[in-house]
Amino acid sequence: MAKKIVTHHSKYKSVIVSKFDMRKIHDGLKMEMKQLVDFLVFRFEQIGEEAIKIARSKTWEDGSFHDITGNLRSSIGYAILVDGKVHKQSDFKAVAGRIDDGTKGSATGQALITKLQSKFPWGVVLILCAGMNYAAYVESVKHKDVLTSAELVADKLFKQLLKGIVA
């Protein structure tokens with residue numbers, strides 16, 4: 001037999017008393033929220049990996065930039081923040097150029113993630129970045145693809161993700 005959920009208070013006929021255990025409801029909602037956050041982190045990781053794979057694999061023939069020092073390509077990476085804390089981060093592996101090993105770019109990319117982290121204190125956030133200070137110059141003035149194609153793919157994948165979550 002089903003448990004009675006709502007009852008009328010005997011003294012006052014118009015008073016409705018709930019028999020819900022609010023702690024159980026709260027715990028259930030927290031569990032659902034954790035599952036949603038885990039799902040978003042998982043999908044954002046897939047989107048981030050796909051985006052940096054595209055950005056790092058571009059060549060001069062594809063409209064990308066020359067890798068003289070390796071620093072710009074090494075500074076490309078992503079991080080997933082959950083309520084302002086880094087939950088997952090790409091490796092920012094150093095890619096050797098013609099005259100340098102790219103370690104400066106790797107460190108710069110990681111430093112940019114740390115700097116941007118404070119701007120997103122809540123929610124689930126995917127940051128895709130090129131850490132070298134001349135990345136925007138290479139894209140806008142030299143018209144070379146640093147992150148543009150990767151951002152377009154990430155945006156498309158994100159819209160597909162939202163379509164699956166929000167009916």
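Results, tabulated for the structure shown:
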| quantity | calculated |
| --- | --- |
| Any hit, the stretch 88-106, residues being surrounded by fewer than 16 Cβ atoms within 10 Å (Cβ to Cβ), in contact with a helix residue (DSSP H, G or I) (Cβ under 8 Å, 6 or more places away or on another chain), outside any helix (DSSP H, G or I) and of a type in the set (A, V, I, L, M) | no |
| Test for Gln46: is it surrounded by fewer than 17 Cβ atoms within 10 Å (Cβ to Cβ) and under 19 Å from Ala150 (Cβ atoms) | yes |
| Test for Glu61: is it assigned to a helix (DSSP H, G or I) and either touching a Leu at 6+ places or on another chain (Cβ under 8 Å) or surrounded by 13 or more Cβ atoms within 10 Å (Cβ to Cβ) (or both) | no |
| Hits in the stretch 67-81 (condition: outside any loop (DSSP other than H, G, I, E, B) and either more than 20 Å from Thr148 (Cα to Cα) or without any contact (Cβ under 8 Å) to a residue 60 or more places away in the chain (or both)) | Arg73, Ser74, Gly77, Tyr78, Ala79, Ile80, Leu81 |
| Sole exception among (1) touching a Leu at 6+ places or on another chain (Cβ under 7 Å); (2) modelled with pLDDT of 95 or more for Val146, by number | (2) |
| Within the stretch 126-147, tally of residues that are assigned to a helix (DSSP H, G or I) and either in contact (Cβ under 8 Å) with a residue 40 or more places away in the chain or surrounded by 15 or more Cβ atoms within 10 Å (Cβ to Cβ) (or both) | 3 |
| Residue list for the stretch 66-87, filter: farther than 16 Å from Ala135 by Cα and crowded, with 23+ Cβ neighbours inside 10 Å | Ala79, Leu81 |
| Residues within the stretch 85-131 that are at pLDDT 95 or above, β-branched (Val, Ile, Thr) and touching a Gly at 6+ places or on another chain (Cβ under 6 Å), tallied | 1 |
| Criterion: in contact (Cβ under 8 Å) with a residue 24 or more places away in the chain, in contact with a Cys (Cβ under 9 Å, 6 or more places away or on another chain) and closer than 27 Å to Val41 by Cα - qualifying residue of Gly109, Gly123, Gly84 | Gly109 |
| Those residues of the stretch 107-125 which are part of a loop (DSSP other than H, G, I, E, B) and not small (Gly, Ala, Ser), in sequence order | Lys119, Phe120, Pro121, Trp122 |
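Conditions (1) within 22 Å of Ile127 (Cβ to Cβ); (2) assigned to a helix (DSSP H, G or I), marked per residue:
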position	(1), (2)
Asp27	no, yes
Met31	no, yes
Leu36	yes, yes
Leu40	yes, yes
Gln46	yes, yes
Ala51	yes, yes
Ala55	yes, yes
Phe65	yes, no
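The values are calculated or read from the model by the stated rules, or taken from the named source; none is laboratory data. Bear in mind that the values here come from a model prediction, so they are computed numbers and not experimental data. Virtual Cβ from ideal backbone geometry, glycine too; neighbours counted across all protein chains shown.
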